[in-house]
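Okay, structure first, notes after.
The values are calculated or read from the model by the stated rules, or taken from the named source; none is laboratory data. Because the structure is predicted, anything quoted here is derived from the model rather than measured. Heads up, the Cβs are rebuilt from the backbone with ideal geometry, glycines too, and the neighbour counts pull from every protein chain shown. These area figures cover heavy atoms from the full protein model, side chains too; ligands, DNA and RNA do not enter into them. Shrake-Rupley method; radii C 1.70, N 1.55, O 1.52, S 1.80 Å.
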Amino acid sequence: MSSRVTTSANVKRSREGGTCRDVDVGGLWLLYRTELFEATRQQPVLHGVVHAHMLAAGLLFAFAVCQLDPVGRRWSITVRGATLLAAGAAHGVLAKTLYALPPPGTDFTTADLHSGAQWMYYGGDVVEAALAVVLGLGWYTAGGRARARRTRRTRYPSRHERTADTMAWTGHASPRWCGQDKPDQTQLRGRG
């Protein structure tokens, strides 16, 4: 039962970067640009539910962009970077609009409004920079692993890829792999 739930199309779609971005940033826009924010100030249960949703959506977005958990499809660094950039832009624009105009139905002082919007703007930049660092480290280590695989293949080729040149270079000479005649004992002693 649980495997059918975790592999369903809706769950797979919810782990994609674009979907997570829309749920995360779209939820923020919905919260701050509708009457929902004022309603959360009046109803404690709604306040808790909305904040739990924001936390879950933010974590899901971070995991989808960084691909720290096992996912069905690995998105390219370009797609994940573009998703992070789009989410950062939407978050920054929301913070700037909050600096200029309070959420509907609220009566914040100008100083409180500006302070909250600045926290949102610069705090978002810090989180986005941290996610970009994780993306960059993932890209860098993936490149290092690919380079190590290429080096291993050229230095230690598989049995089917071995030639007389690579066998001589690695110090191994075998007629089975190289197609050479069996070396005599004087040739083998000379290599030591």
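For the reader, a short list of remarks on this structure follows.
- Close contacts from region 125-148, counting a first residue that is closer than 21 Å to A95 by Cβ and a second that is of a type outside the set (G, A, S) and assigned to a helix (DSSP H, G or I), with Cβ to Cβ under 8 Å and a gap of 6+ residues or different chains, come to E128/L84; E128/H91; L131/V65; L131/C66; L131/L84; A132/L84.
- T83 being modelled with pLDDT under 80, surrounded by 16 or more Cβ atoms within 10 Å (Cβ to Cβ) and closer than 30 Å to L135 by Cβ: no
- Within the option set A142, A117, being among the small types (G, A, S), modelled with pLDDT under 90 and within 30 Å of V25 (Cα to Cα) holds for one residue only, A142.
- Within region 102-114, the set of residues being in contact (Cβ under 8 Å) with a residue 24 or more places away in the chain and surrounded by 13 or more Cβ atoms within 10 Å (Cβ to Cβ) comprises P103, G105, T106.
- The number of residues in region 115-128 that are open to solvent by 50 Å² or more (accessible area, probe 1.4 Å) and in contact with a helix residue (DSSP H, G or I) (Cβ under 9 Å, 6 or more places away or on another chain) comes to 6.
- Residue check, T6 modelled with pLDDT under 60, in contact with a helix residue (DSSP H, G or I) (Cβ under 9 Å, 6 or more places away or on another chain) and hydroxyl-bearing (S, T, Y): yes
- Flag for Y99 being more than 12 Å from R21 (Cβ to Cβ) and surrounded by 13 or more Cβ atoms within 10 Å (Cβ to Cβ): yes
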